[in-house]
1. Enumerate the pairs (first residue in the range 31-51 and closer than 13 Å to THR98 by Cβ; second residue anywhere and at pLDDT 90 or above and not in a helix (DSSP H, G or I)) with beta-carbon separation below 7 Å, excluding pairs fewer than 6 apart on the same chain, so at least 6 apart or on different chains.
2. Could you figure out which of (1) hydrophobic (A, V, I, L, M, F, W, C); (2) surrounded by fewer than 24 Cβ atoms within 10 Å (Cβ to Cβ); (3) in contact with a helix residue (DSSP H, G or I) (Cβ under 9 Å, 6 or more places away or on another chain) isn't true of LEU312?
3. Could you go through the range 107-121 and let me know if any residue there is under 20 Å from VAL29 (Cα atoms), at pLDDT 85 or above, of a type in the set (A, V, I, L, M, F, W, C) and more than 23 Å from the chain's Cα centre (by Cα).
4. Could you list, ordered by first residue, the pairs with Cβ atoms under 6 Å in which the first is in the range 73-92 and farther than 10 Å from ILE168 by Cβ and the second is among the polar types (S, T, N, Q) and not in a helix (DSSP H, G or I), at least 6 apart or interchain?
5. Just to be sure I understand the filter: pairs with C-beta atoms under 9 Å, separated by 6 or more residues or on different chains, first member in the range 9-24 and within 15 Å of LEU167 (Cβ to Cβ), second member among the basic types (Lys, Arg) and assigned to a helix (DSSP H, G or I). Which pairs pass?
6. Could you please find all residues in the range 10-42 being of a type in the set (Ser, Thr, Tyr) and part of a helix (DSSP H, G or I)?
Amino acid sequence: MRFKSTGYTPLMLMAQTCALLGFACYAVVLTALQDEWQLSNLQSGLIASAFFFGYMLMVPLATALTDRVDAKKVYIFGGLSATFGLLGMGLLAHNFWTALIFMALNGAGLAGTYMPGLKILSDRIQSGELTRHIAFYTAFFGIGTGFSYLCSGWILSELGWRYVFGLIAMGPFTASLIVLFFIPKLDHEKWHGPIQIRLRDIFPLDKWRLVLQDKTASGFIFGYTVHSIELFASRSWIVAFFGFCAIVSGEPFLLTATTLAGVINFFGVPSSILGNEIALRVGRQKWICFVMIASAIFGVALAMSTGQSWWLVVTLAIGHTLFIMADSATLTAGLVISAQENIKGAAMGLHSLMGFGGGLLGPAIFGFVLDLTGSRATQISWVWAYAAVVIWGVVFVFYERRNGWVNKTLKRNP
């Protein structure tokens, strides 16, 4: 079956949604595992961080391979890796250390799908505004994670935490099948003969140095890093936070914590897409700086809302999600169009590596601060934990404004 080049985008959005169904499984079962395995908040955060550690280990290899073979092949392998990681969590994990291993494998699988999926699109779309396809692809991260919260919560309530991982494993497996059967291979393979991947191909330090010397491109990369610290810390702990709010307020609410987290997550999708459109008009860097400050304010305000009415908690949670995601597509699209063509693949790899490096740090920092300030049983602990992950965006804004990044102009790609 053949599609016009722009027809690949809906297929890849569908595949990405399936591939991301395993993203929030652990966030949903975090409290249950913490009680069953007697984990500290730091250990709970480290298991969440292991997902991003696996991503970081795999993404340089995955992006290096997409420069040599059709990204479709890398994507299929990544989907299968995520499937095995989720099955391992459901069938074999029994303590902190085994969970670290299988969550890292799950994260490595996502590394084999997320950026290679973007590469599948960029290799095949020859017309139209590429940044808009990128914006939709990036925004659908929120669709996949939103369904991940919803599906995981429903399965947990009916069958238990092991079934969450076991059944959700069908998501990335389905993503692999979509790409295998519906995305045609490239007409001209990029590489012929045996594939030789050297260490400098996996970690192209010379190319990364060139990327970082470009102050415009490197600004988007560092911005994406601090964005990810806040984003993934929030997503990893939001269900536990809503659980704490329910205990403190004593008020019944229409939705469970997992369903509420999933529904709120969907607000990030239009926010990311509309944010990119606004950025095209007011300037990407100016928009990013405004969004990061607003997101920090909403994050701290959300933490301070515990014990208040549910409508206030939910309103602030939605506002925080809107502003966390409002610069997500802008950061990625800005990097893609600002990086030099001869090092674009390396730039995308470094962007993803550092972004998910932020994802590795965020949940662990959040859990560590909870332990340090009185566990997750007091409001002040949640305030300090949220402050510890939103502060990085504020620091980034003040640093980059002083260094003139905000006023740099970008070239536009067709």
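1. LEU33/LEU39; TRP37/ASN95
2. It is condition (3) that LEU312 fails.
3. Within the range 107-121 (the criterion being under 20 Å from VAL29 (Cα atoms), at pLDDT 85 or above, of a type in the set (A, V, I, L, M, F, W, C) and more than 23 Å from the chain's Cα centre (by Cα)), the answer is no, since none of the residues qualifies.
4. As it stands, the answer is TYR75/THR113; GLY78/THR113; GLY79/THR113, since those pairs meet every condition given.
5. Listed by first residue and then by second, the contacts come to PHE23/ARG235; ALA24/ARG235.
6. Going residue by residue through the range 10-42, those that are of a type in the set (Ser, Thr, Tyr) are 17, 26, 31, 40.
Correct list: THR17, TYR26, THR31.
Table: residues versus (1) touching a Cys at 6+ places or on another chain (Cβ under 8 Å); (2) more than 28 Å from THR31 (Cα to Cα); (3) of a type in the set (Lys, Arg).
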site: ALA329; (1), (2), (3): no, yes, no
site: LEU350; (1), (2), (3): no, yes, no
site: ALA364; (1), (2), (3): no, no, no
site: ARG376; (1), (2), (3): no, no, yes
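Residues are listed down the side, and each one gets a yes or a no for (1) crowded, with 21+ Cβ neighbours inside 10 Å; (2) among the aliphatic types (A, V, I, L, M):
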{"site": "LEU11", "(1), (2)": "no, yes"}
{"site": "CYS18", "(1), (2)": "yes, no"}
{"site": "ALA27", "(1), (2)": "yes, yes"}
{"site": "THR31", "(1), (2)": "no, no"}
{"site": "GLN34", "(1), (2)": "no, no"}
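The values are calculated or read from the model by the stated rules, or taken from the named source; none is laboratory data. Nothing here was measured: the structure is a model prediction, and the numbers come from that model. Every residue, glycine as well, gets a Cβ built from its backbone with ideal geometry; the counts of neighbours run over all protein chains shown.
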